[in-house]
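One structure below.
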Amino acid sequence: MAISMRRGALLLCFCASLSGCYALRGSSGGGETTFTPPRQVNAADIVLPDGYLIEAVATGLTFPTGVTFDEAGGVYVVEAGYSYGEVFTTPRLLRIDPGGAPTEIASGGKRGPWTGVTWSGGHFYVAEGSQLEGGRILRIDPEGMQEALVGELSSRGDHHTDGPLAGPDGWLYFGQGTATNSGVVGEDNARFGWLQRFPNFHDVPCRDVTLAGENFTTGNPFQPGTKATTGPFAPFGTPMEQGEVIVGEIPCSGAVMRVRPDGSDLELVAWGFRNPFGLAFSPDGRLFVTDNSYDDRGSRPVFGTGDLLWEVRPGTWYGWPDFHGEHSLADKRFDSPALGKKPEPLLAAPPGRPPRPAAILPVHSSSNGFDFSRSQAFGHVGQAFIAQFGDEATATGKTLAPVGYKVVRVNVSRGVSYDFAVNRGKENGPASLLGGGGLERPVAARFDPSGENLYVVDFGVMLHQGKGARPVEKTGVLWRISRQTGAGGNR
Amino acid sequence: MRATIFLSILLLLLAACGTPRRGEPFGPLTLSAQGREGEEHFMRHCHQCHPGGEGGLGPALNNKPLPGFMIRLQVRRGIGYMPAFPAKTIAPQELDALVAYMKELRHGERPQ
């Protein structure tokens, strides 16, 4: 009888473990589906906590990425003009009238993506992450006249110039994402499309770093059938030496920087980020960023790293390319299914010790634009509301279930996040997967000047069907969440 | 032995059929003091792969009827690509709180 019980227990463990075995199961990301236009839009298909209401303000947008408001409460949206999948449209700044109709204020030729917008001092400021020409911060007046305040930003690669955000101190803050996944240019960057355009493009550190001597031999997309060896912070096909010093520069990649509204005094705030897409100041004046973490792809894949919400402390190094949060990638927890081992450090010595993140968000959630509640009328004052764009499996790595596709609320003092706006049903995912007219890919969230309404920018449908991203134009939506009386405590 | 095999298959089927969704929009989750502490440990160590106990990089947890000792075993030992979390990472009393939270989460409100 004892032997039977033991065998039964072992069988139980075996069956239970099989149901979750990562290696055995296929990928089930949210974009791994099909879609036939037009997009259905139905706020009733979105669930929020009791007392909150969501409605669609504008529909039919193409790749919207940011929202802002003027002093009169006018609503403005930017359309990116570029999407992963190498789809180029026209970046635009649009005014959304109360009926939801857009009016173009300015456009940007082929200089997309425009990744965000803010209004300050009578002007719009736009983060232009131009995939073709490099990043800039633009100032646009209400009549649409444009002026570049900062240029030559390191934005031709995987990640772009992000933000910008007008700080309470009068500075303009913005993020600059990295060129690569984890420091090394590789075949995955050819699949993104930029490596062929800019074969010498690579990451640039913000401060001097000394290399550990790791190099990576891969296939050569420039000469199929041959190999190439590439080191970190170097062009494709350029190996680097142990002990070699890479001189830091400003502007650089993987950083939060700031500039005066007239374009003067560009300076580094903090570095060692990977893709600091969302920026917001808390009600007590602290700067936070969302940072998309490593993907399981490329020459140096990194497995199992959730997106991070950081409090930004000036002068701090936040760990890229050798840490996730507080943890070195040399930690056994980062053993990669693709590598069969953990990633080796690229730097001979870390430039610092990253602090503990304010929150750790799901792997591949693409936690992006966010804002803090400041109004008792909305509730949850001091908590962050983060738009999660959703996974891009399998391009970024496999997931066992869709991740993201929602808006979450984060208590930054406890590091706890809660679902806030999700699609109705028993499973998580975008509306295109689940059916119905709910959320697709929330990419930005911003409170209006009253603080009573949270606007959520929904990028629209982006599929991933094994050949890279396939975005669908005219499926973007601007949502508005407001609170009915009596809801919204503080947990 | 037959009964054991049947029970194992039944549990496997139950795990596949139950929805893992819990989440705030589907009803407030009232936690004990220990569960509230465990919630913070869950967010720090587990949430990135098992978002809210639902599936993500890792499988869903909320619909798996694992007893506490098996949760502890899996956390300490890891399994497959799930890393191990030794006592220096999650202290014994923290693991107790984490298990308490996971049980309270598992029994939380289901979506309508």
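Just a few scattered comments:
- Working from Cα pairs under 8 Å separated by at least six residues, relative contact order for chain A is 17 percent.
- Complex-versus-alone comparison for the range B:59-81, residues with a loss of 40 Å² or more in accessible area, probe 1.4 Å: B:Pro59, B:Met70, B:Tyr81
- Cα radius of gyration and Dmax for the range A:48-136 (Å): 14.0, 47
- Solvent-accessible area assigned to carbon and sulfur over the range A:241-337 amounts to 44 percent, based on a 1.4 Å probe.
- Cross-link table B:Lys64/B:Lys103; A:Lys332/B:Lys88; A:Lys398/B:Lys64, entries beyond 18 Å C-alpha to C-alpha: A:Lys398/B:Lys64
- Legend: Rg and Dmax of the range A:339-378, from Cα coordinates, 17.3, 51 Å.
- Rounded, prolate or oblate (a/c below 1.5 giving rounded, otherwise prolate when a/b exceeds b/c) for the range A:298-439 by Cα gyration tensor: oblate
- In the range A:368-434, inverting the average of 1/r over every pair of distinct C-alpha atoms gives 13.2 Å as the Kirkwood radius.
- If you take all other residues with their beta carbon under 10 Å from the beta carbon of A:Val363, and give Lys and Arg +1 and Asp and Glu -1, the sum is -4.
- Stretch in chain A that is longest and holds no GluC sites (Glu not before Pro) that DSSP places in a loop and that have at most 11 other beta carbons within 10 Å: A:242-491
- Where the protein assembly as shown is the region considered: accessible area per residue in Å², 1.4 Å probe: 38
- Over the range B:31-112: Kirkwood hydrodynamic radius from C-alpha pairwise inverse distances, Å: 12.7
- Couplings 3J(HN,Hα) for the range A:379-393, derived from phi with the Karplus relation 6.51 cos²θ - 1.76 cosθ + 1.60 (θ = phi - 60°), are x, 6, 4, x, 9, 9, 10, 10, 7, 10, 5, x, 5, 10, 4 Hz, where x marks Gly and Pro.
- Ellipsoid semi-axes for the range A:151-257, based on the Cα gyration tensor and the rule √(5λ), read 28, 17, 8 Å when sorted largest first.
- Candidate cross-link partners of A:Lys110 among the lysines, defined by an alpha-carbon separation under 27 Å and a same-chain spacing of 8 or more, comprise A:Lys467, A:Lys474.
- Interface burial in the range A:425-456, defined as at least 40 Å² less accessible area with all protein chains than with the chain alone at a 1.4 Å probe, covers A:Lys426.
- Cα centroid separation, the range A:292-368 to the range B:38-112 (Å): 21
- Theoretical FRET efficiency, 1/(1+(r/R0)^6), r = Cβ-Cβ of B:Ala87 and A:Lys341, R0 25 Å, to 0.05: 0.50
- Count Lys and Arg as plus one, Asp and Glu as minus one, and take only other residues whose Cβ is under 12 Å from that of A:Asp307; the net charge is then -2.
- Estimated [θ] at 222 nm from DSSP helical runs (n ≥ 4, -39500 (n - 2.57)) normalised by residues in chain A, nearest 500: -1500 deg cm²/dmol
- Buried between A and B is an accessible area of approximately 3900 Å², summed over both sides with a 1.4 Å probe.
- Just so you know, the Rg over Rh for chain A is 0.97, from Cα atoms, with Rh as the Kirkwood radius.
- Summed residue charge, Cβ within 13 Å of A:Gly144's Cβ, Lys/Arg positive, Asp/Glu negative: -1
- Computed E for B:Leu73/A:Ala56 - FRET, C-beta separation, R0 41 angstrom, nearest 0.05: 0.30
The values are calculated or read from the model by the stated rules, or taken from the named source; none is laboratory data. No experiment lies behind these values; they were computed from the predicted model shown. When we count neighbours, we look across all protein chains shown, and the Cβ atoms used for this are built from the backbone with ideal geometry, even at glycine. Surface areas here come from the heavy atoms of the whole protein model, side chains and all, with no ligands, DNA or RNA. Shrake-Rupley method; radii C 1.70, N 1.55, O 1.52, S 1.80 Å.
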